[in-house]
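Colleague: The structure is given below, and queries will be raised subsequently.
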Amino acid sequence: MIKAGYVTKTIKQNDKILIICDFDGTLSTSDVGYDVIVQFAGSGWEEIDRDYCEGTIGSKDAYTKIASLFNASREEMVTYAIEHGHVDPTFQAFYRFCLHNNIDVKIVSDGLDFYIRVILEKYNLKEIQFFSNVVRFHKNGNVTIEFPGSNDTCNECGNCKSNILEQYRLTYDSIIYIGNGYSDVCPAQKADMVFAKDILYEKCLKNGRDCIHYENFDDIREYLERSFPFFCPGRFLINFIYR
Ligand SMILES: [Mg+2]
Ligand SMILES: [Zn+2]
């Protein structure tokens, strides 16, 4: 049975389109948030992570507990993120395709701002707006995490992706969601079209949420070009400009 609201909506020509893209393991090749925790949180984080994965606690509680376990400076953590964080090599061509077709791209992450910011800068992508949880490094060495995107009716997510998606309903005709993990399951059910891999793909299948499986951003770009002939393939435009 197909449940109402779970079916992929067709995109029409001249629709104002927003792509909401997850960061860790989607835009970035690895889960930088997880790697940062493994690297810099003292003992005790494994139980917190297990509770989160089992759904016993939300990410907001998990992060609040983990923040007190961090024992490194901002500089150490930022340096680590710059060295270990990589944007998926297929993203650049995909992003150009979006720019050429007036498709807006925003990153919505339940990860942490400091590493998202420096990784985007490293790849000249800092113009892309992102929403995430915010880490504060205090003078006394303490680390705390703030949740500007949390939502009173949910209160489980640090950064409530569904809430952000709903807010953009007012300004966009179509919202495409791209993700891979637990925090993408809820917003994926509210999007018009979903590209999913890993855990998100499994959960979509289980929930009866129509989705398109992808491995990288070439798959997504090719799917959109093939399905909607009104999109201009960005690569031709680039050849034309530089000829
Ligand atoms: Mg992810
Ligand atoms: Zn939420």
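The values are calculated or read from the model by the stated rules, or taken from the named source; none is laboratory data. In this text, all values refer to a predicted model and were calculated from it rather than measured experimentally. Using ideal geometry, Cβ is built from the backbone for each residue, glycine included, and neighbour counts are taken over all protein chains shown.
Colleague: Consider ALA196 against the criteria (1) in contact with a Cys (Cβ under 8 Å, 6 or more places away or on another chain); (2) within 16 Å of ligand 2 (Cβ to nearest atom): it satisfies all of them except one. Which criterion is unmet?
Modeller: (2)
Colleague: Further, regarding this structure: For the condition more than 15 Å from the chain's Cα centre (by Cα), modelled with pLDDT under 95 and more than 16 Å from ligand 2 (Cβ to nearest atom), what is the one hit in CYS232, CYS204, CYS211?
Modeller: Values: CYS204 fails: modelled with pLDDT under 95; CYS211 fails: modelled with pLDDT under 95.
Checking each option against the conditions leaves just CYS232.
Colleague: Turning to a different aspect of this structure: From the set of residues in the range 52-64 that are surrounded by 13 or more Cβ atoms within 10 Å (Cβ to Cβ) and polar (S, T, N, Q), which is nearest to ligand 1 (Cβ to nearest atom)?
Modeller: Filtering first and then ranking leaves SER59.
Colleague: Being within 13 Å of the chain's Cα centre (by Cα), buried (at least 17 other Cβ atoms within 10 Å of the Cβ) and modelled with pLDDT under 95: is that true of CYS186 here? Step through it out loud before you land on a result.
Modeller: Values: within 13 Å of the chain's Cα centre (by Cα): yes; buried (at least 17 other Cβ atoms within 10 Å of the Cβ): yes; modelled with pLDDT under 95: yes.
Considered against the rule, which asks whether it is within 13 Å of the chain's Cα centre (by Cα), buried (at least 17 other Cβ atoms within 10 Å of the Cβ) and modelled with pLDDT under 95, CYS186 comes out as yes.
Colleague: Say whether the condition of being closer than 17 Å to ASP22 by Cβ, out of contact with any Leu (no Cβ under 9 Å at 6 or more places or on another chain) and in a helix (DSSP H, G or I) is met by at least one residue in the range 117-124.
Modeller: Here is the first cut: in the range 117-124, the residues closer than 17 Å to ASP22 by Cβ are 117, 119-120, 123.
From the residues that got through so far, the ones that are out of contact with any Leu (no Cβ under 9 Å at 6 or more places or on another chain) too are 117, 123.
Still in the running and in a helix (DSSP H, G or I): 117.
For the range 117-124, residues closer than 17 Å to ASP22 by Cβ, out of contact with any Leu (no Cβ under 9 Å at 6 or more places or on another chain) and in a helix (DSSP H, G or I): present.
Colleague: If you don't mind, there's one more thing I want to ask. Give me the residue from the range 49-83 that is among the aromatic types (Phe, Trp, Tyr) and closer than 29 Å to ASP152 by Cα and, out of that set, modelled with the lowest pLDDT. Break it down into steps so the answer makes sense when it comes.
Modeller: Looking only at the range 49-83, we keep the residues that are among the aromatic types (Phe, Trp, Tyr), and these are 52, 63, 70, 80.
Checking the rest, the ones that are also closer than 29 Å to ASP152 by Cα come to 52, 63, 70.
On the way: TYR52: 91, TYR63: 95, PHE70: 94.
My answer is TYR52.
Colleague: Among the residues of the range 91-103, which ones are surrounded by fewer than 17 Cβ atoms within 10 Å (Cβ to Cβ) and under 20 Å from GLY179 (Cβ atoms)? Steps first, answer last, please.
Modeller: Let us first name the residues in the range 91-103 that are surrounded by fewer than 17 Cβ atoms within 10 Å (Cβ to Cβ), namely 92-93, 96, 99-100, 102.
Once the filter is applied, which keeps residues that are surrounded by fewer than 17 Cβ atoms within 10 Å (Cβ to Cβ) and under 20 Å from GLY179 (Cβ atoms), the range 91-103 yields GLN92, ALA93.
Colleague: All but one of (1) away from ligand 2 (no atom under 16 Å from the Cβ); (2) part of a loop (DSSP other than H, G, I, E, B) hold for LYS190; state the number of the condition that does not hold.
Modeller: Failing condition for LYS190: (1).
Colleague: Determine the pairs where a residue that is among the β-branched types (Val, Ile, Thr), located within the range 220-243, has a partner that is at pLDDT 90 or above and outside any helix (DSSP H, G or I) with Cβ atoms under 8 Å apart, the partner being 6 or more residues away or on another chain.
Modeller: What qualifies is ILE220/ILE178; ILE220/PHE195; ILE220/ILE212; ILE220/TYR214.
Colleague: So which residues in the range 39-64 are more than 22 Å from the chain's Cα centre (by Cα) and not in a helix (DSSP H, G or I)?
Modeller: Scanning the range 39-64 gives ALA41, GLY42, SER43, GLY44, THR56.
Colleague: Give ALA67, ALA81, ALA72 a once-over and let me know the one that is more than 15 Å from the chain's Cα centre (by Cα), within 16 Å of ligand 1 (Cβ to nearest atom) and of a type in the set (Gly, Ala, Ser). Talk me through it step by step, then tell me what you get.
Modeller: Details: ALA67 fails: within 16 Å of ligand 1 (Cβ to nearest atom); ALA72 fails: within 16 Å of ligand 1 (Cβ to nearest atom).
Answer to the check: ALA81.
Colleague: Could you please find all residues in the range 67-90 being touching a residue at least 12 places away in the same chain (Cβ under 8 Å), over 21 Å from ASN180 (Cα atoms) and surrounded by fewer than 20 Cβ atoms within 10 Å (Cβ to Cβ)?
Modeller: Of everything in the range 67-90, those that are touching a residue at least 12 places away in the same chain (Cβ under 8 Å), over 21 Å from ASN180 (Cα atoms) and surrounded by fewer than 20 Cβ atoms within 10 Å (Cβ to Cβ) turn out to be ALA67, SER68, LEU69, ASN71, ALA72, SER73, ARG74, GLU76, VAL78, TYR80, ILE82.
Colleague: Can you work out which of the residues in the range 152-203 that are in contact (Cβ under 8 Å) with a residue 24 or more places away in the chain and β-branched (Val, Ile, Thr) is nearest to ligand 1 (Cβ to nearest atom)?
Modeller: Looking at residues that are in contact (Cβ under 8 Å) with a residue 24 or more places away in the chain and β-branched (Val, Ile, Thr), I get ILE178.
Colleague: Any idea which of GLU222, GLU202 is loosely packed, with under 15 Cβ neighbours inside 10 Å and within 22 Å of SER109 (Cα to Cα)?
Modeller: Values: GLU222 fails: within 22 Å of SER109 (Cα to Cα).
Selected residue: GLU202, the only one of GLU222, GLU202 that is loosely packed, with under 15 Cβ neighbours inside 10 Å and within 22 Å of SER109 (Cα to Cα).
Colleague: Criterion first (of a type outside the set (A, V, I, L, M), modelled with pLDDT of 95 or more and farther than 21 Å from TYR223 by Cβ) does GLU46 satisfy it?
Modeller: The answer is yes for GLU46.
Colleague: List every residue pair whose Cβ atoms sit under 7 Å apart, with the two residues 6 or more apart in sequence or on different chains, where the first one lies in the range 7-35 and is among the hydrophobic types (A, V, I, L, M, F, W, C) and the second, anywhere, is assigned to a helix (DSSP H, G or I) and more than 16 Å from ligand 1 (Cβ to nearest atom).
Modeller: LEU18/TYR168; ILE19/CYS98
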